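Enquirer: Shown below is the structure under consideration.
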Amino acid sequence: MKKWFWVLLLLFFGCKKVFDPFSHKIPTSPIERFKTAADTVTVSGRQCYLQVYLYRDFMPIVPPGGNPLIAIINAIAEGPEAFPNNAVVDSLWIYSGDEVWVSILSEPGAGDPSKSNRITKVARNGPKWEPGTLADVFVRIVEDGKRIQFLRALKQPIQATF
């Protein structure tokens, strides 16, 4: 029993640097895993692609220097039918230069996903990368709880709201 405890503890802390959502530096080179990511993937026989909106808020009521990066991710399945309900869009990696932001995606809380051909997810509290910066966005789609695919949207500009 003690042996398994130490193995699990080692795995947890050994992997923490790669998947730590609060880390912005790449400790190794995990971008290698995304070389097979595509602009479109097939989920339940339907082609899916990303729409991405990256922005930082600089409205007068925010702290000096603006709020951290927010990512709005739309995974869209072609056709009018609802997005396949056996697929989950759960994780996000955004690369800018030698930095990466890793985050778990959350629901935005609007609309009825069972009637839309898109799934909208949000990630908040990212880095304070400058508006105008181009970033490469990758999301993970898990189909039927086991098939994992990575979907990409390259060279996405960071916008600013004033």
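Bear in mind that the values in this text are calculations on the coordinates, not laboratory data. Everything numeric here is computed off the predicted structure, so don't read it as measured data. For neighbour counting, all protein chains shown are included, and Cβ atoms are generated from backbone atoms with ideal geometry for every residue, glycine included.
Enquirer: In which sequence would GLU78, GLU143 go, from the one with the fewest C-beta neighbours within 10 Å to the one with the most?
Expert: Ascending Cβ contact count within 10 Å gives the list GLU78, GLU143.
Enquirer: Could you tell me how many cubic angstrom of Cα convex hull volume the stretch 45-162 has per residue?
Expert: Cα convex hull per residue, to the nearest whole number: 110 Å³.
Enquirer: Give, in nm to one decimal, the length gained when the segment between ARG147 and LEU134 is fully stretched (0.36 nm per residue of separation minus the Cα-Cα distance).
Expert: Working: separation 13, 0.36 × 13 = 4.68 nm, distance 2.95 nm.
Taking ARG147 through LEU134 to full extension adds about 1.7 nm, to one decimal.
Enquirer: I would also like to ask the following. For a quick check: with amide H placed at 1.01 Å from N, whose amide H comes under 5 Å from TRP129's, ignoring anything fewer than 5 positions away on the same chain?
Expert: For TRP129, the qualifying residues are LEU69.
Enquirer: What trypsin sites (Lys or Arg not before Pro) in the stretch 28-73 are in a loop by DSSP, with at most 16 other Cβ atoms within 10 Å of the Cβ?
Expert: Details: sites: ARG33, LYS35, ARG46, ARG56; in loops: LYS35.
Sites meeting the loop and neighbour criteria: LYS35.
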